[in-house]
Amino acid sequence: MLFLGHIGFTAFVSSMLYLSILGGVIGVFLPDLVDKGLFTLGYAPCSRFIAHTIFFPPVIGILTYMITRNKKLALAVIMG
C-alpha cells in the first residue's frame, strides 16, 4: 500500500472506531520504521523482520499504555 493509502485507510478506520487518528497513523508506520531501520543498519536479513510479526502489536500497545496511561491511544496504535 502506498504512503497516502496507509494514512487514509488508518484515519478512516480510527475515526469510525472513535480512536486517536494520530495514534493509528503512528501505529501503521512503526513496523516499517523499525524493520527498515534495522535492515539499513545491517541487523536484519530483510526489511520485514521483527516488527511485521503478530507479536509486535501487543508489545507496542503495552508499551504505549505504560507510557501514556491512555487506553484509546494504545488501542489505536495496536489497530494501526
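The values are calculated or read from the model by the stated rules, or taken from the named source; none is laboratory data. These figures come from a predicted structure and were not determined experimentally. Virtual Cβ from ideal backbone geometry, glycine too; neighbours counted across all protein chains shown. Note: accessible area is taken over every heavy atom of the protein model, side chains too, but ligands, DNA and RNA are not part of it. Shrake-Rupley method; radii C 1.70, N 1.55, O 1.52, S 1.80 Å.
Things to note:
- Scan of region 64-73 for residues that are open to solvent by 80 Å² or more (accessible area, probe 1.4 Å) and modelled with pLDDT of 95 or more, ordered by number: Met66, Ile67, Arg69
- The residues on offer are Ala51, Ala76, and the sole one that is among the hydrophobic types (A, V, I, L, M, F, W, C) and either surrounded by fewer than 17 Cβ atoms within 10 Å (Cβ to Cβ) or assigned to a helix (DSSP H, G or I) (or both) is Ala76.
- Top-ranked residue of region 1-40 - restricted to ones that are under 10 Å from the mean Cα position of the chain (by Cα) and among the small types (Gly, Ala, Ser), ranked as surrounded by the fewest Cβ atoms within 10 Å (Cβ to Cβ): Gly23
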